[in-house]
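To start, the structure itself, in structure tokens.
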Amino acid sequence: MSGDGKGPVPGSGAHPDDYKGYREPLLSVLKEHGVTVWCIVRVDTAKGVFEGLILPRSETADPYHLVLKLGSGYNVGLRYDTIRSIEKTGYFRAEYRIPEQEFPVDPARPRVKLFGTGGTIASRLDYRTGAVIPAFSPGELYGSVPELADICNLETEKLFGVFSENMGPEQYIILAEKIGEAIREGYDGIVIGHGTDTMHHTAAALSFMVQRPPVPIVMVGSQRSSDRPSSDAAQNLINATWTAAHGPIAEVMVCMFGPTSDRYNLLHRGTRVRKMHSSTRSTFRTIGDIPLAMVENGRLTPLQEGWAPRRDDRDVEIHPVFEERVTIAYYYPNMHPDVIDALVEKGYRGIVLAGTGLGHVNRKLYPALERAREAGVLVFMTLQTLWGFVQMYVYETGREILGLGVIPLANMLPEVAYVKLGWALGMHPDDPAKVVELMQTPIAGEITPREPHDGYLVFQGGVPEMKEFLGRIWS
């Protein structure tokens, strides 16, 4: 940030840009009290007194609230008709840019390559639109997290600058190829900065496209951007980078917050992880299993066995292919057959069903499923419950669906099945039998022999047992 404490004087040369995003009726309130955007103010309202910096508003935001950044770093919105007075105490124009710093090199430290794709861990707030946009270069990010220099020699390459919803097969393929190049060039670990919303999709894609890596491949993002006091960006990046540089696990992993106490991060296997909350920092969970490990203060503690160890060789298998004409169909009661028929007619080559219970859909879909089989479209069954296994021999419905050619996928997650199907069809575009075999063969932990006793833990708040448990923790 920078500022001279002066700023424009409203009413004597103030420009419309000085009121960025503010419209009537709040615009008149600002002009009446002689303040603009970037003024430091003391606002007396019907709900109390607030002191802070007037921030620009999004052009699409409502016209009723004045937005202040408080001394705590958090923002507050003050409704125009509650404002009694506004006193200007200073002016401080914010420039949200982190200075880029040259990364110090120590030959004794491991080499880590960080690929930037966009996402909240490499972003800034755009006050014109109110959106968080991928604008920080990795070098700027390093300048904001100097602890990285104590971990490794970090090099960066920005591949994309997109939100995670815009990541797809084109980006998966480029990323897989770049990872292969970095491994062969001798890097000791790979970090991938990625938006959290579809991080689990990309993690699954890389788990199939990059097989038998000799070094850790660690995906990382943040739920809260770096300009917020509660940001998880720095801790996530530090622990992800340490894992890539020094960790013993050579797999595709997601490194994100574990608990809500800022203590440690969890490492989740790329094919068993899922984002489970829209905003909390500990949003990622391993489904149907337990996390691979926890990372805290330069120490990695394995939580399970059977992971692939780091190796000294540079051998890695890169399979950067993907058939895009695949989809997930989420079953719901009264689903009609034209949903499946439309996919077949539009040329989709594979469909992943997210069925109910043990892997069921209604009988209305049977004719459409039969038509899909006749058209050569592969249809696979997963569970919308997420936890548990497809068991289609238990009930008559399941056995009937099996008879229609639908193929069960054990405890593979729906999104992982979608990604694997696109990859498998890319590997064997003209051999459906090989695609089916590949889909039912575990490659990167996407199918497990069993669900451990603590692989399904959902804590339901409000019940006596949880109240007692939380009372012991918080007492």
- Query: Between Met381 and residues 5 or more places away or on another chain, which pairs have amide H atoms under 5 Å apart, with H built 1.01 Å from N, and which residues are they?
  - Reply: Leu353, Ile407, Leu409
- Message: Using the basic label-point model (7 angstrom from Cα toward the beta carbon), what is the Glu177 to Met276 distance in nanometres?
- Response: 3.7
- Query: Of the beta bridges DSSP finds with both residues in segment 189-345, what % are antiparallel, to the nearest 5?
  - Reply: 70
- If you count the DSSP beta bridges with both ends in the chain, what percent of them are antiparallel, to the nearest 5? 60
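Pulled fully out, how much extra length does the chain show between Arg373 and Lys346, if you take 0.36 nm times their separation in residues and subtract their Cα-Cα distance? Numbers along the way, then the final one.
Details: separation 27, 0.36 × 27 = 9.72 nm, distance 1.48 nm.
The Arg373-Lys346 span can extend by a further 8.2 nm.
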- Packing-based exposure ordering (other Cβ within 10 Å, fewest first) of Lys434, Lys467: Lys467, Lys434
- Task: Calculate, axis by axis, the spread of Cα positions in the chain along the three principal axes, and write the results as whole Å, longest axis first.
- Result: 79, 60, 50
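By count of other Cβ within 10 Å, fewest leading, how are His194, His360 ordered?
Arranged by neighbour count, lowest to highest, His194, His360 become His360, His194.
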- Entries of Lys346/Lys420; Lys275/Lys434; Lys47/Lys88; Lys20/Lys88; Lys47/Lys69; Lys158/Lys346 with Cα pairs more than 25 Å apart: Lys275/Lys434; Lys158/Lys346
- Got a sec? How would Met439, Met256 order by Cβ neighbour count within 10 Å, fewest to most? Met439, Met256
- Loop GluC sites (Glu not before Pro), segment 166-261, which have at most 14 other Cβ atoms in a 10 Å radius of their Cβ (DSSP): Glu185
- Note on the structure: Among the DSSP H helices of the chain, those whose Cα atoms extend at least 20 Å along the helix axis and whose mean Kyte-Doolittle hydropathy is -1.0 or higher are 169-184
- Residues whose placed amide H lies under 5 Å from that of Arg109, excluding near-sequence neighbours: none
- the chain, helix-only ellipticity at 222 nm - DSSP H runs n ≥ 4, -39,500 (n - 2.57), divided by all residues, nearest 500: -7000 deg cm²/dmol
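Every read-out reported here was derived from the displayed coordinates using simple, explicitly stated rules and does not represent laboratory data. Every value quoted in this text rests on a predicted model; they were computed, and no experiment measured them. In this analysis, Cβ positions are derived from the backbone assuming ideal geometry, glycine residues included, and neighbour counts consider all displayed protein chains.
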